[in-house]
Amino acid sequence: MTVDTSNLGKFYIAGQWVAPRSQANMPVLNPANERQIGIVPLGDAADVDAAVAAAVSAFPAYSQTRKSERVALLQSLMKVTQSRFEDLAQAMRMEMGAPITMAREAQADAAIGHLQGFMDALAELVERETLSNGDILLREPIGVCGLITPWNWPMNQIALKVIPALATGCCCVLKPSEHTPISAMIYAEIIDAAGFPPGVFNLVQGDGPTVGAALSRHKDVQMMSFTGSTRAGTAVTRDAAETVKRVTLELGGKSPNLVFADCDLEAQVSASVAECMYNTGQSCDAPTRLLAERSCYEAVLEIAKRAAEATEVGDPAQEGAHIGPLFDRIQFDRVQAMIKVGLEEGARLLAGGLGRPEGIDAGWFVKPTIFCDVSNDMRIAQEEIFGPVLVIIPFEDEAEAIEIANDTPYGLAAYLQTGDGARAERVAARLRAGAIHINGGGFNYGSPFGGYKQSGNGREGGMMGLEDYLETKTLHGLG
């Protein structure tokens, strides 16, 4: 299936598809075969100014809409999203190499699932309440929001930012990753077809140093929401500081996965390897550090090795549970460099290694790789690799497991495998991470997502995701 990309060369501003002011552009490549599938324009500060001006113009009217009006628009958005579901899945299959089965079940499904989660939260949101002291508290849209999203979960992150902005009465400008522009283009078409007023949502394609920085610095933008690397997140924060914007960040991770001997080793270790390799390891909350209790360490290695070797790598266009390529040559080279670092650091290679999988000579495919006998001070245990690479670290007891798990600059997620419910509660309480996945418990739409420490600030999804886009006003004397 092909996707209509006729709007890819334009930006969506003030309810119209318009020609970019900038003349810069870049090719969009299919990472599975390295062939060009389109050309995306790279905007500049003038394009950002036009988009922000459209949002500023739309804000007075849209911010005053009733909740019922916004609910109706979101219901329309749901219908149109469902009608374009396959287009979204195919776009992410083409532009980032997500295998089509996974692209449907997870990547495109996020547009539906998060929308429902926000609609449920909006129904419960109290926009006006009387406090016990008689004062009245109002929750109002914060204003014009700049939204910057990554390439690894394109629709997931767009939904987590755009939908709460629309739901709360904000207006926004979206800058998606320049590497995954097609799914963002389709989402702009969906919003247009859903009937949102002109200027409420605007799309400007471009890179971070140009478009992202112009948004972050813009005096008429009241909030920035960014998902991406910690390095880029600090740049957004610095750029936003001059105008004292609200900044929410969802950044990197090096999530620990604590495996105790009292769990179902075969099931939980196999599932843990699969979770690490999912999306070709390109997930900020992937369980990339497997901490195994010493008493079951050798058994864990045997199971993990089998699971890695059973992980199939293949064509994203084919149905199935295989993993696809990394998203581009830059990431391929980074992952290969980190695998080499692991070898040089003295970690033992349990599975995979350097180069492409056997029989594949095109595309940015990587061998599912596991290192064992790793110490937590190694670079491969501290740095986010963002590929299908797992490190296994032994621990002696519960206290050491917690110490190693928390010995990271990140705190996005943690994973815990144990057959002891009391231990699960006890250990989870001491792990410094925004989400704890116990015995395979997965994320649910409508729950908050975000991290501790250098994994960011703020929470996305559900009620807390709406609250990030709201200001609080107190009325004194009306009670």
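The values are calculated or read from the model by the stated rules, or taken from the named source; none is laboratory data. Fair warning: this is a prediction, and the values are worked out from it, not measured in the lab. With ideal geometry, Cβ positions are generated from the backbone for all residues, glycine too; neighbour counts draw on all protein chains shown. Side chains are part of the model used for accessible areas, which takes the heavy atoms of the whole protein and leaves out ligands, DNA and RNA. Shrake-Rupley method; radii C 1.70, N 1.55, O 1.52, S 1.80 Å.
Overview of results
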| quantity | calculated |
| --- | --- |
| The listed residue being assigned to a loop (DSSP other than H, G, I, E, B), open to solvent by less than 20 Å² (accessible area, probe 1.4 Å) and over 21 Å from residue 385 (Cβ atoms), out of 244, 221 | 221 |
| Matching entry among 299, 292, 271 (being under 30 Å from residue 108 (Cβ atoms) and either assigned to a loop (DSSP other than H, G, I, E, B) or among the aliphatic types (A, V, I, L, M) (or both)) | 271 |
| Residue list for segment 224-235, restricted to those being at pLDDT 95 or above and either more than 28 Å from residue 409 (Cα to Cα) or open to solvent by 40 Å² or more (accessible area, probe 1.4 Å) (or both) | 234 |
| Of all residues in segment 195-218 being in a loop (DSSP other than H, G, I, E, B) and hydrophobic (A, V, I, L, M, F, W, C), the one that is nearest to residue 331 (Cα to Cα) | 204 |
| Check on residue 317, in a helix (DSSP H, G or I) and among the hydrophobic types (A, V, I, L, M, F, W, C) | no |
| Residues within segment 39-73 that are among the β-branched types (Val, Ile, Thr) and farther than 13 Å from residue 11 by Cβ, tallied | 4 |
| Scan of segment 424-472 for residues that are open to solvent by 50 Å² or more (accessible area, probe 1.4 Å) and part of a helix (DSSP H, G or I), ordered by number | 425, 426, 429, 430, 453, 454, 463, 464, 467 |
| Per-region count, segment 267-288, residues touching a Phe, Trp or Tyr at 6+ places or on another chain (Cβ under 6 Å) and either open to solvent by 40 Å² or more (accessible area, probe 1.4 Å) or modelled with pLDDT under 95 (or both) | 0 |
| Qualifying residues in segment 1-27 (those that are touching a Phe, Trp or Tyr at 6+ places or on another chain (Cβ under 7 Å) and assigned to a loop (DSSP other than H, G, I, E, B)) - the one farthest from residue 42 (Cα to Cα) | 7 |
| Yes/no for residue 403 being touching a residue at least 60 places away in the same chain (Cβ under 8 Å) and either surrounded by 16 or more Cβ atoms within 10 Å (Cβ to Cβ) or out of contact with any Leu (no Cβ under 9 Å at 6 or more places or on another chain) (or both) | no |
| Residues located in segment 330-388, provided they are at pLDDT 95 or above, open to solvent by 40 Å² or more (accessible area, probe 1.4 Å) and not in a loop (DSSP other than H, G, I, E, B) | 333, 334, 337, 340, 343, 344, 345, 348, 349, 379, 382 |
| Residue 192, sole failed condition from (1) under 21 Å from the mean Cα position of the chain (by Cα); (2) outside any loop (DSSP other than H, G, I, E, B); (3) under 26 Å from residue 100 (Cβ atoms) | (1) |
| Selection within segment 289-321 - out of contact with any helix residue (DSSP H, G or I) (no Cβ under 8 Å at 6 or more places or on another chain) and either farther than 13 Å from residue 97 by Cα or surrounded by fewer than 17 Cβ atoms within 10 Å (Cβ to Cβ) (or both) | 294, 295, 297, 298, 301, 302, 305, 309, 310, 312 |
| Single residue of 418, 474 found to be within 21 Å of residue 288 (Cβ to Cβ) and either modelled with pLDDT of 95 or more or of a type outside the set (Phe, Trp, Tyr) (or both) | 418 |
| Residue in segment 136-153 that is in a helix (DSSP H, G or I) and either within 23 Å of residue 204 (Cα to Cα) or polar (S, T, N, Q) (or both) present | no |
| Per-region count, segment 178-217, residues open to solvent by 10 Å² or more (accessible area, probe 1.4 Å) and hydroxyl-bearing (Ser, Thr, Tyr) | 1 |
